[in-house]
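Trainee: Would you mind keeping the following structure in view while I ask a few things?
Where a number appears in this text, it was derived from the coordinates with a stated rule and is not lab data. Since we're looking at a predicted model, the values are computed, not measured. Neighbour counts run over all protein chains shown; Cβ positions are idealised from the backbone, glycine included.
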Amino acid sequence: MSQRSKFKNCSNNLLQKKAVLGLCLLLFVLPSFASAAALANYGKRGLRAYSIEGVLRLDENEIDLCTAALILSREWGTNKTSHVYRRKIDDMAEDIIERVKDAHVPMNHRAIPIINKYLYDELNYATIDSADDPDDLFLHIVIERKQGYCLSLSVLYLSLAERLGLPIYGVVVPGHFFVRYDDGRMRFNIETTSFGNSAPDEHYKEKFKAPKHLKSLYMKNLTKKQTLGCFFNNLGNCYLQVGDTDEAFRILSNAVQINPLLSEAHMNLGNIYLRRNQPHQAIAKYEQALGIVGRDSNAFNNLGAAYMQLQNYPKAESYYKTAMSLEPENPDIYRNLAHTLHSQGKNASAITEVKNALKLAPNDVPSHVLLGQIYQSLKQPGKALFHLERAAQLDPYYTEARTALGYLLLEKKQTDSALREFRFVIDNIGDDMQAYFGMGRVYDETDQSENAIWAYEKALAISPDMVPALQNLGNAYLSQQRFTEAVTVYDKAVAIEPKNGPLHYNLAVALAKNNQHQQAINEFLTAVDLDSMRPAAYNGMAISYYRLEDFENAKFYAQKAKALGYNVQKALLNL
């Protein structure tokens with residue numbers, strides 16, 4: 001399941017692509033409290049709104065989009081009040097009014113060149129190349145930095161237009177957002193990321209593949225609430241970027257409710273479901289997105305990720321191949337396909353697809369990591385080491401590269417080098433479950449059980465249901481004869497994976513060591529029910545029955561263990 005898609009075509013590793021409006025996300029039409037009656041938004045109820053819920057309850061003609069945008073800025077966090085920024089928007093609008101008057105032109109379509117000259121030549125507003133910084137969505141940041149991408153620059157443009165009384169609307173296409181002048185007689189598009197220049201509808205339809213059917217928002221003049229719904233789509237991704245998944249889910253749910261025909265909102269909400277390990281809900285959202293936008297490589301790629309989470313590898317493979325047919329130059333899709341092929345044991349085909357990804361992007365770190373892991377699984381440590389070291393060289397702080405390298409070195413019995421890789425991750429990148437687990441395994445290999453316990457406990461603090469860490473922690477407790485603690489962690493592991501025979505066997509051993517022989521027998525029986533060819537379990541039952549002075553059953557199970565080739569104590573056989 002990345003890693004973003006703000007109406008731009010972003011990708012992530014095996015996972016999802018967020019659906020965002022490219023560098024040109026959705027805009028907000030929010031004028032401000034007008035200090036002078038000359039501004040067209042003067043007196044609107046929306047100027048007195050203090051919550052976004054209050055804004056959404058207003059009639060369309062009472063909404064002030066600038067105020068709504070600044071409410072969301074306030075919730076994101078600003079050092080200044082909304083009134084400060086709204087005053088700046090008002091001042092800009094008043095400056096434009098003066099320039100239009102000086103040019104002796106009416107406040108209609110003929111004013112657009114004056115607005116563009118003012119914004120882009122006088123004030124030097126600029127377009128950023130990427131939407132990597134979530135702050136760049138917000139109107140107060142656009143004003144302070146004098147830069148933005150398509151959605152945030154459009155919010156500014158719409159805020160000014162509402163104050164000027166100009167009939168300008170937000171327009172969305174897949175991966176992009178722009179504005180349009182439309183007074184019923186004159187209609188033309190305004191590209192806020194290109195100094196306000198105009199491009200025909202055909203340009204957007206061809207470049208951004210806007211759906212042609214009528215049942216969509218694309219290429220239409222948006223209402224203010226629809227524009228807000230588009231803004232919520234990007235806002236949800238901003239909260240997702242800073243790790244606030246719950247707030248992102250809430251906001252994207254609002255985006256879907258406001259704009260049920262916006263495919264990006266469904267896609268992004270699906271991505272959150274996928275992060276929450278709810279693949280069925282994610283699939284439903286991705287399919288809704290496809291129903292709106294038609295055949296879309298991102299949606300098919302995301303469906304592949306959802307089916308990977310369900311471990312339905314053939315279906316994931318099918319969706320990745322469909323995505324690849326639509327976007328054959330995307331290395332992420334080749335890598336994702338390789339991952340599902342590897343999961344099915346189709347390693348030769350997987351290697352081919354990773355190499356295809358590397359042809360398109362020779363320095364793609366995740367591809368080198370995956371290729372190294374595939375070679376490691378094929379017992380080709382030399383090739384595995386080459387690609388994992390290459391990944392670490394390309395990005396020394398890429399966690400997966402360092403941890404994968406650590407596990408390879410551990411497999412090669414180079415415990416000091418392996419420990420160094422795991423420690424690098426912890427010391428330089430941050431707490432990581434796999435790095436702590438790897439450290440635990442190194443300590444196991446070097447008979448440092450106390451350190452192993454520490455490492456496994458750190459891994460479990462990050463992921464409490466990590467069964468391998470619970471199992472190894474139980475083993476470490478057993479080695480220190482801390483039997484009660486071993487029983488506790490094995491019991492938790494069994495509750496998570498009740499069909500895991502080795503776990504039941506380990507729990508039985510810990511119970512027997514703790515003199516809980518009847519409970520031990522029950523666990524040994526479960527272990528042999530799951531795997532009848534487990535002679536050690538029969539031997540364990542024989543010992544526990546002996547401790548309970550049930551010598552008949554002790555002898556019976558001792559004989560079963562011996563029949564399966566286990567070296568049974570003679571005293572048990574001679575009962």
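Trainee: Name the residue from Leu473, Tyr538, Leu575 whose Cα lies farthest towards the positive end of the charge dipole of the stretch 465-575, charges +1 on Cβ of Lys and Arg and -1 on Cβ of Asp and Glu.
Mentor: Final value for the positive-end residue is Leu575.
Trainee: Assign unit charges at the C-beta atoms only (+1 for Lys and Arg, -1 for Asp and Glu), then state the dipole size of the stretch 399-463 relative to its Cα centre in Debye, rounded to the nearest 20. Intermediate values should be presented prior to the final figure.
Mentor: Values: 7 positive and 12 negative charges, 35 e Å.
So the dipole magnitude of the stretch 399-463 works out to roughly 160 debye.
Trainee: Still on this model: Where in the stretch 511-541 does the amide nitrogen come within less than 19 Å of the point 7 Å from the Cα of Asn567, taken along Cα to Cβ?
Mentor: Under cut-off, by backbone N: 534-541.
Trainee: Still on this model: Can you compute the charge dipole magnitude of the stretch 45-230 about its Cα centre, using +1 on each Lys and Arg Cβ and -1 on each Asp and Glu Cβ, nothing else charged? Give it in debye, rounded to the nearest 20. It would help to have the intermediate numbers written out before the result.
Mentor: Details: 26 positive and 27 negative charges, 110 e Å.
Dipole about the Cα centre, nearest 20: 520 debye.
Trainee: So, one more: Say each of Ser194 and Val105 gets a label point 7 Å from the Cα, pointing the same way as Cα to Cβ; how far apart are those two points in nm?
Mentor: 1.9 nm
Trainee: Given that just one value was derived from the coordinates, which of (i) 1.26; (ii) 0.95; (iii) 1.17 is Cα Rg over 2.2 N^0.38 Å?
Mentor: Computed from these coordinates, Cα Rg over 2.2 N^0.38 Å corresponds to label (i).
Trainee: Separate question: Could you derive backbone 3J(HN,Hα) for the stretch 255-267 from the dihedral phi with the Karplus parameters 6.51, -1.76 and 1.60 (θ = phi - 60°), listing whole Hz in sequence and x where the residue is Gly or Pro?
Mentor: The phi angles translate into 4, 5, 5, 6, 10, x, 9, 9, 5, 4, 5, 5, 4 Hz.
Trainee: Return a whole-number percent for the relative contact order of the stretch 413-457, with Cα pairs under 8 Å and 6 or more residues apart as the contact set.
Mentor: Working: 37 pairs, mean separation 14.8, N = 45.
Computed over the stretch 413-457, the figure is 33 percent.
Trainee: Under a straight-distance cross-link criterion of Cα-Cα below 20 Å, which lysines are reachable from Lys80, leaving out those fewer than 8 residues away in the same chain?
Mentor: Result set, ordered by chain and number: Lys88, Lys146.
Trainee: Now, a different point. Need the full-extension length gain, Asn363 to Ser479, defined as separation in residues times 0.36 nm minus the C-alpha distance. One decimal, nm. Spell out each step's value before the answer.
Mentor: Numbers: separation 116, 0.36 × 116 = 41.76 nm, distance 4.46 nm.
Going from the current span to full extension adds 37.3 nm.
Trainee: Between Arg420 and Lys117, what is the FRET efficiency for a Förster distance of 60 Å, r being their Cβ-Cβ separation, to the nearest 0.05? Don't skip to the answer; put the middle values down first.
Mentor: On the way: r = 59 Å, r/R0 = 0.99.
Computed FRET efficiency for Arg420 and Lys117: 0.50.
Trainee: To the nearest 0.05, how large is the calculated FRET efficiency for Val84 and Asn312 if R₀ is 51 Å and r is the Cβ-Cβ distance?
Mentor: Working: r = 53 Å, r/R0 = 1.04.
For R0 = 51 Å, the calculated efficiency reads 0.45.
Trainee: For Arg276 and Ser51, what is the calculated FRET efficiency with R₀ set at 35 Å and r taken between the beta-carbons, to the nearest 0.05? All intermediate terms of the calculation are to be shown ahead of the outcome.
Mentor: Numbers: r = 27 Å, r/R0 = 0.77.
Using R0 = 35 Å, I get an efficiency of 0.85.
Trainee: If you take every DSSP beta bridge whose two residues both sit in the chain, what share of them, in percent to the nearest 5, is antiparallel?
Mentor: Details: 12 of 15 bridges.
Roughly 80 percent of the beta bridges in the chain run antiparallel, per DSSP.
Trainee: Along the charge dipole of the stretch 45-230, which of Ala126, Val171, Ile115 sits closest to the positive end, that is, farthest toward it, with unit charges on the beta carbon of Lys, Arg, Asp and Glu (+1, +1, -1, -1)?
Mentor: Result: Val171, furthest along the dipole toward the positive end.
Trainee: Which value, in debye to the nearest 20, gives the size of the charge dipole of the chain about its Cα centre, when Lys and Arg are +1 and Asp and Glu are -1 at the Cβ? Present the calculation step by step, with values, prior to reporting the outcome.
Mentor: Details: 63 positive and 63 negative charges, 217 e Å.
For this selection, approximately 1040 debye.
Trainee: Here's another thing I want to ask about it. Of Lys346/Lys560; Lys44/Lys117; Lys207/Lys321; Lys209/Lys355, which pairs sit farther than 31 Å apart, going by alpha carbon to alpha carbon?
Mentor: On the way: Lys346/Lys560 40 Å; Lys44/Lys117 28 Å; Lys207/Lys321 23 Å; Lys209/Lys355 29 Å.
Beyond 31 Å: Lys346/Lys560.
Trainee: Positive end of the charge dipole of the chain (Lys, Arg +1 and Asp, Glu -1 on Cβ, about the Cα centre): tell me which of Thr488, Tyr181, Ala49 has its Cα farthest that way.
Mentor: Tyr181
Trainee: By count of other Cβ within 10 Å, fewest leading, how are His342, His104 ordered?
Mentor: On the way: His342 22, His104 7.
Listing His342, His104 from fewest to most nearby Cβ atoms yields His104, His342.
Trainee: Run the numbers for Asp447 and Asp427: contour at 0.36 nm per residue of separation, minus the present Cα-Cα distance, in nm.
Mentor: Residue separation times 0.36 nm, minus the Cα-Cα distance, leaves 4.9 nm.
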